[in-house]
Amino acid sequence: RNDARIAALGLGQSCFEGAMYTFVFMWTPALKSVSETQAEATGTAPLGETTSSYLGLIFAVFMVCVMIGSSCFKLFSVRREILYKIPLYMHATAFFSMAMVTIFLEQKTIVYTMFLLFECTVGV
């Protein structure tokens with residue numbers, strides 16, 4: 001009952017879930033540039049050339065990444081001796097991907113790639 005490993009796992013999972021829910025609300029604005037957001041607000045954005053035109057496709061790719069993460073977990077969990085390390089690697093990868101987003105926020109290709117990596121950790 002007083003196992004510190006259970007408390008650490010709960011804390012880590014809570015932090016991960018918090019990051020995941022923050023991601024759910026912030027991924028759309030994070031993929032838009034400031035000029036794109038202003039153009040959409042004023043109605044001067046060309047049709048079909050904004051991030052908003054591709055949100056469904058982007059979301060679908062996110063869901064594929066979740067499935068890839070789930071498949072990776074199946075592959076990694078075959079070896080029982082590393083099973084307890086999977087959450088450590090998952091949390092480290094999620095932290096790395098979100099740290100890269102904060103550092104390279106203006107470079108949308110990097111942001112999108114890190115979002116895909118984060119979604120893979122969600123699947124794990």
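Bear in mind that the values in this text are calculations on the coordinates, not laboratory data. Treat the numbers as computed from the prediction; the structure is a model and nothing was measured. A quick note on method: Cβ atoms are made from the backbone with ideal geometry, for glycine too, and the neighbour counts reach across all protein chains shown.
What is the list of residues in the stretch 6-32 whose amide nitrogen lies under 19 Å from a point 7 angstrom out from the Cα of Gln107, following Cα to Cβ? Residues 30-32 fall inside that zone. Charged side chains reduced to their Cβ positions (Lys and Arg at +1, Asp and Glu at -1) give the chain a dipole of some 620 debye around its Cα centre. Simple rule: put +1 on each Lys or Arg Cβ and -1 on each Asp or Glu Cβ in the chain, find the dipole, and look at Thr51, Ser97, Cys15; the Cα lying farthest toward the positive end is Cys15. When you count the other C-beta atoms within 10 angstrom of each residue and take the mean per peptide, 8-16, 39-47 line up highest first as 8-16, 39-47.
Shown here for the stretch 79-124: trypsin sites (Lys or Arg not before Pro) in loop regions (DSSP other than H, G, I, E, B) with at most 10 other Cβ atoms within 10 Å, namely Arg79. Coupling constants for the stretch 13-26 follow from the phi torsions by the Karplus curve (6.51 cos²θ - 1.76 cosθ + 1.60, θ = phi - 60°), and in residue order they are 5, 5, 5, 5, 4, x, 5, 5, 5, 5, 4, 4, 7, 10 Hz; glycine and proline get x. Along the stretch 47-55 the Karplus relation, 6.51 cos²θ - 1.76 cosθ + 1.60 evaluated at θ = phi - 60°, assigns HN-Hα couplings of 5, x, 10, 10, 4, 4, 5, 10, 4 Hz to successive residues, with x for each Gly and Pro.
Diffusion coefficient of the chain by Stokes-Einstein, Kirkwood radius over Cα pairs, 20 °C, 1.002 mPa s: 133 µm²/s.
Relative to the longest principal axis of the Cα atoms of the chain, the long axis of helix 86-103 makes an angle of roughly 30 degrees. Here the label points at Thr37 and Glu49, each 7 Å from Cα along the C-beta direction, are separated by 2.1 nm in the simple model. Computed from label points 7 Å out along Cα-Cβ, the spacing between Phe59 and Thr22 is 2.3 nm.
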